[in-house]
Amino acid sequence: MEQLPHEFKRGKALFRERLRRAGLAESVVAPAEPENFLGVMEAGLRSYGLPVLNSMIRESLLVDLGYVDSKALAQAREDAEHAPTVPDLLCDVLALEIGLRSLM
């Protein structure tokens, strides 16, 4: 399998050069601040993830298999409701639960 030389991959150099050649402004080609989807992810977790946690508290494969403590999950859900961001560990538990459910 062929791969690009490292100097073309570092910092998305090849991609950025293509944007330059397409005539895009430097602020688009190499923005001072990289893209950040944290706000979108946080909104999605609050709208869709926390309700899934509610159902996990009632019925969860991870709890049933003994990988997650139901009381700790309920407390983490309550804490996430009032926290400015949903903790990463809770996001990982959600992703794993949803993945397992999709296999059923």
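The values are calculated or read from the model by the stated rules, or taken from the named source; none is laboratory data. For clarity, every value in this text was computed on a predicted model and none was experimentally measured. Using ideal geometry, Cβ is built from the backbone for each residue, glycine included, and neighbour counts are taken over all protein chains shown.
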Query raised in the report: Within the stretch 53-81, can you find the residues that are in a helix (DSSP H, G or I), surrounded by fewer than 14 Cβ atoms within 10 Å (Cβ to Cβ) and more than 18 Å from the chain's Cα centre (by Cα)?
Result: N54, S55, R58, D64, K71, A72, Q75, E78, D79
Query raised in the report: Does the stretch 82-97 include one or more residues that are in a helix (DSSP H, G or I), touching a Lys or Arg at 6+ places or on another chain (Cβ under 6 Å) and either surrounded by 11 or more Cβ atoms within 10 Å (Cβ to Cβ) or modelled with pLDDT of 90 or more (or both)?
Result: no
Report summary line: Result of the Cβ filter at 7 Å on the stretch 1-26, keeping first residues that are touching a residue at least 12 places away in the same chain (Cβ under 8 Å) and partners that are part of a helix (DSSP H, G or I), at least 6 apart or interchain, is R16/V29
Report summary line: If we ask which residues in the stretch 4-62 are among the aromatic types (F, W, Y) and within 17 Å of L73 (Cα to Cα), their number turns out to be 1
